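Asker: Sharing a structure below in structure tokens format, with a few things to ask.
Every number in this text was worked out from the coordinates using simple rules, so none of it is lab data. Just so it is clear, the structure is predicted and the values come from calculations on it, not from any experiment. Here the Cβ is made from the backbone with ideal geometry for all residues, glycine too, and neighbour counts use every protein chain on show.
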Amino acid sequence: MKELDKTYDPKQVEDKIYQMWEKSGYFNPDNLPPRHKKPFTIIMPPPNANGSLHIGHALFVTLEDIMIRYQRMQGRKSLWLPGADHAGFETQVVYTKKLEKEGRSFWEMPREQLYEEIKKFTLDNKKYMEGQLRKLGASCDWSREKFTLDEDIKKVVYETFKKLHDDNLVYRAERPVNWCIKHQTTLSDLEIKHEERRGKLYYIKYLIEAPTQGWSDSEYVVVATTRPETIPADIALAVHPKSKWAKYVGKNVLNPLNSKLMPVVADAKVDPEFGTGALKITPFHDPLDFEIFNAHKNEISGEPISVINQYGKLTENAGKDLAGLKVKEAREKSAELLQEKFSKEPGDYKHQVAVCYKCSTTIEPRVMMQWFVKMTEKPRTGKKSLRDLAVEAAKSKKIKFIPARQKKIFMHWMKNLRDWNISRQIVWGIQIPAWYHEPKCIPRAGHEGDIIKCKEIIISVTEPKCEFCDAKFVQETDVFDTWFSSGQWPFATLMTTKKGDFKKYYPTDVMETGWDILFFWVTRMMMLGIYRTSKIPFKNVYLHGLVRDKDRQKMSKSKGNVINPLEVADVYGTDAVRMALVIGTTAGNDPIISEDKIRGYRNFATKIWNASRFVLMNYRDTKAKPEFTASDRKNLKDLATAKKKITAYMDKSDFNHAAETAYHYFWHTIADKVIEQSKPRLKSENLTDAATAQIVLLKILLESLKLLHPFMPFITEEVYQMLPNKKQKVLMIEEW
């Protein structure tokens, strides 16, 4: 038997051990021994393939690897399917910055060239990222690895879109959307954040029409607004029915910037507590205004107009004084033009402003032709809306949330769903499978009278052919919101891997991810998964927290407190990083990590190594029959108790207490007591007693290695390979 080196060096061990695991084939559930029967499945949340893994990735890899290694040892046919996300908008933002550093302009490059460049960039990063996942010990089945832009995945996404369209759950319409003027794309409600900004609240008089008496300041409605630059696009005033302005409902007011007449309408959606209880209605620049306009179309004669273009500049519709100005400049200029119309001086005003979550540019609401998914309407062929499908799964406990409090948050959020804008004006992503006729249809012979039957838009998984004309079709250039395609990840992956995988491994057992993307992603997977397959996509949702530093501060480059998991793993070993991420953290709470904490678990790895080295150095091959002492029986009973306790924690997904119990058992029971008690016995001239002490030590060491293996796979496997009493080629398929 080979003797363990004096010190444990992770650098000399980890790559070698991972290669051995891969070579064994046991990451693939098809190759597991016959005792592994009942499937256990985790689909990896695909990391963005646009950069290095960060500490948050290390946390999810650690937690999921713990789950999969534990279930594998329990005899489950365990599949952990890895993948990578093209991460449309986020990757395009990263690549745009890369081009800027190179002195190239994203906006001046042909679309096809951009796509190919981003594709190469992403695939190169994907390979690098997969190497990092291996470094972290991820025991996933690389033979089933998927990418969100794989052709077969795209086909599944297209089929889902077509099914939604056929069920009347997809539509294309001009509606208010969130527009980022920097990145030139729409964003969903979830992709905007709100920042407190200082501004001015302007109180502006809208004179009441009184033609026979002439216009005077005697009668007017006062409107409070933070956006006077959009007044040229005003089309009406809305007042709360119980406000003091209600007496003017049905009358006209004068637009203070362009002198157009506008009606006053009553609507309870006007907040009586904000400003004056009167609201200027600018449908193309505010979602609430758009809603009120649609509710009062019969009372409003004018057509809505836009006065701000896609680049955040005022258009000719705003008038010669404002045209061409940026929004901020136009705000100042319009305030200057309106001075005589102020009912009082503008006041300083703090308010929440919607901004792009990537660049913090103020979001400009625009009304645009976009693709939407209906979230709260029943499909043509079903009884439940997408929202109701997910809510029912949560209410009936078909899907369990860990921690349980996340279920209440989920249910609250689901109450306020709006239709989902799924189209993005970016290059990098899955193009929406909508096909448009060329501007002029060319009738096929014999179909000259059938041109009217040509559809303007055809939804098709593949390029369609018109049965009535010879016109070519042009595909929609907008791409899907990344969350639409990744929302299909659990079923799309298993439908496109090995034959029979979907039937065998779906629904999956656990979806483990951060609580911060519960609404971005988990809810989408629940809705689309049940809609497409009639089955829940997963049985449990385990939500981890966001990693913070020792002062509980969020990690950021600007604060200089970012920990690179691969760098510290290189110094202290991957096992130490994994233990530091798990111990002290419960599901849903933010883990606290520091280099000191990681260093502490490096010391624990050293303790495991030294204790194991002692046991193996004192091993003598003997056929003596053991005679257990009272002390031996107590030590074996303590082992059984620890195993029972740790197993109970693991079964409850309480990995913090499971790891902590295993840590304390090894350090304070095995190292401090059992080994110390055995030292004189191992040197005893009583060969039977010495052999008994040796047998007990080996059994306790083997069982403790099993208990620690899900958390610290590298060092436990390295020691296991040296054991004389091992039963398997590798520790990861030992019986728990």
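Asker: Which FRET efficiency value, to the nearest 0.05, is calculated for Ser24 and Asp321 with the Förster distance at 60 angstrom and r the Cβ-Cβ distance? Can you show the working numbers first?
Answerer: On the way: r = 75 Å, r/R0 = 1.25.
E(calc), rounded to 0.05, equals 0.20.
Asker: Got a sec? Charge dipole of region 374-482, +1 on Cβ for Lys and Arg, -1 for Asp and Glu; which of Leu389, Pro403, Ala471 is way out at the positive end?
Answerer: Pro403
Asker: Go through 34-45, 487-498 and give me the packing order, highest mean Cβ count within 10 Å leading. Could the numbers behind the result be given before it?
Answerer: Working: 34-45: 18.7, 487-498: 23.7.
Ranked by mean Cβ neighbours within 10 Å, highest first: 487-498, 34-45.
Asker: Treat each spin label as a single point 7 Å out from the Cα along the C-beta direction, and report the Lys645 to Gln553 distance in nm.
Answerer: Result for the modelled spin labels: 3.7 nm.
Asker: Let me ask something else about it. Count neighbours as other Cβ atoms within 10 Å of each site's Cβ, and list the GluC sites (Glu not before Pro) in region 658-736 that are DSSP loop with at most 13 such neighbours. Spell out each step's value before the answer.
Answerer: Values: sites: Glu660, Glu676, Glu685, Glu703, Glu717, Glu718, Glu734, Glu735; in loops: Glu685, Glu734, Glu735.
Taking region 658-736 and a limit of 13 other Cβ atoms within 10 Å, the loop GluC sites (Glu not before Pro) found are Glu685, Glu735.
Asker: Describe numerically, in nm with one decimal, the distance between label points set 7 Å from Cα along Cα→Cβ at Asn31 and at Ile192.
Answerer: Computed distance between label sites Asn31 and Ile192 equals 5.1 nm.
Asker: So what's the gap between the Cα centers of region 400-420 and region 683-736, to the nearest angstrom?
Answerer: 46
Asker: Which values of log₁₀ I(q)/I(0), to two decimal places, follow from the Debye formula for the chain at q = 0.07, 0.08, 0.10 Å⁻¹ with a uniform point scatterer at every Cα?
Answerer: The Cα Debye sum returns log10 ratios of -0.63, -0.78, -1.06.
Asker: Another question about this same structure. Using 0.36 nm per residue of separation minus the Cα-Cα distance, give me the extension gain between Glu685 and Asp166 in nm, one decimal. Spell out each step's value before the answer.
Answerer: Details: separation 519, 0.36 × 519 = 186.84 nm, distance 8.42 nm.
Stretched out fully, the Glu685 to Asp166 stretch lengthens by 178.4 nm.
Asker: I'd like the distance separating the alpha-carbon centroids of region 1-71 and region 651-676, in whole Å.
Answerer: 21
Asker: Based on the Cβ-Cβ distance from Cys454 to Glu336, what FRET efficiency comes out when R0 is 45 Å, to the nearest 0.05?
Answerer: Working: r = 53 Å, r/R0 = 1.17.
With a Förster radius of 45 Å, E is 0.30.
Asker: Roughly how large, in nm² to one decimal, is the mean projection of the convex hull of the alpha-carbon atoms in region 72-169? It would help to have the intermediate numbers written out before the result.
Answerer: Values: hull surface 39.8 nm².
One quarter of the hull surface, i.e. the mean projection, equals 10.0 nm².
Asker: If one puts a single equal scatterer on every Cα of region 86-244 and applies the Debye formula without solvent, what log₁₀ I(q)/I(0) results at q = 0.08, 0.12, 0.14 Å⁻¹?
Answerer: Summing over Cα pairs of region 86-244 leads to -0.53, -0.89, -1.05.
Asker: For the ranges 574-587, 264-277, what's the packing order if you count other beta-carbon atoms within 10 Å of each residue, average per peptide, and put the highest first?
Answerer: Working: 574-587: 24.4, 264-277: 16.6.
Per-residue Cβ counts within 10 Å, averaged per peptide and sorted highest first, yield 574-587, 264-277.
Asker: Also: Would you mind counting up the charge near Val730? Only other residues with Cβ under 14 Å from its Cβ, with Lys and Arg at +1 and Asp and Glu at -1. Intermediate results must be reported in sequence, preceding the final value.
Answerer: Values: positive: Lys16, Lys23, Arg69, Arg72, Lys706, Lys726, Lys727, Lys729; negative: Glu22, Glu717, Glu718, Glu734, Glu735.
My count for the surroundings of Val730 gives +3.
Asker: Additional query: I need to check one value: relative contact order of region 185-366, counting alpha carbon pairs closer than 8 Å and at least 6 residues apart, in percent.
Answerer: Numbers: 363 pairs, mean separation 53.9, N = 182.
Contact order relative to length: 30 percent.
Asker: Taking H as built 1.01 Å from N, whose amide H comes closer than 5 Å to the amide H of Ala434, not counting residues under 5 places away?
Answerer: Counting only residues 5 or more places away or on other chains, the set is Glu476.
Asker: Expressed in nm to one decimal, what extension gain is obtained for the pair Glu735 and Lys16 from 0.36 nm per residue of sequence separation less their Cα-Cα distance?
Answerer: On the way: separation 719, 0.36 × 719 = 258.84 nm, distance 2.30 nm.
The span from Glu735 to Lys16 would gain 256.5 nm if fully extended.
Asker: Same structure again: Using alpha carbons only, what's the Rg to Rh ratio of region 185-366 with Rh from Kirkwood? Walk me through the numbers on the way to the answer.
Answerer: Working: Rg = 16.0 Å, Rh = 16.9 Å.
Using only Cα positions, Rg/Rh for region 185-366 is 0.95.
Asker: Listed highest first by mean packing, meaning other Cβ atoms within 10 Å per residue, what order do 133-141, 376-384 come in?
Answerer: Values: 133-141: 21.9, 376-384: 12.9.
Top to bottom by mean Cβ count within 10 Å: 133-141, 376-384.
Asker: Quick one: net charge of Lys539's neighbours, Cβ under 9 Å, K/R +1, D/E -1?
Answerer: Details: positive: Lys398, Lys400; negative: Asp509.
Spelling it out: positives minus negatives among the neighbours equals +1.
Asker: Here's another thing I want to ask about it. Please figure out what share of the DSSP beta bridges in the chain is antiparallel and state it in percent, rounded to the nearest 5.
Answerer: 70
Asker: Tell me the label-point distance for the pair Arg633, Arg104, using the 7 Å Cα-to-Cβ offset, in nm and rounded to one decimal.
Answerer: 7.7
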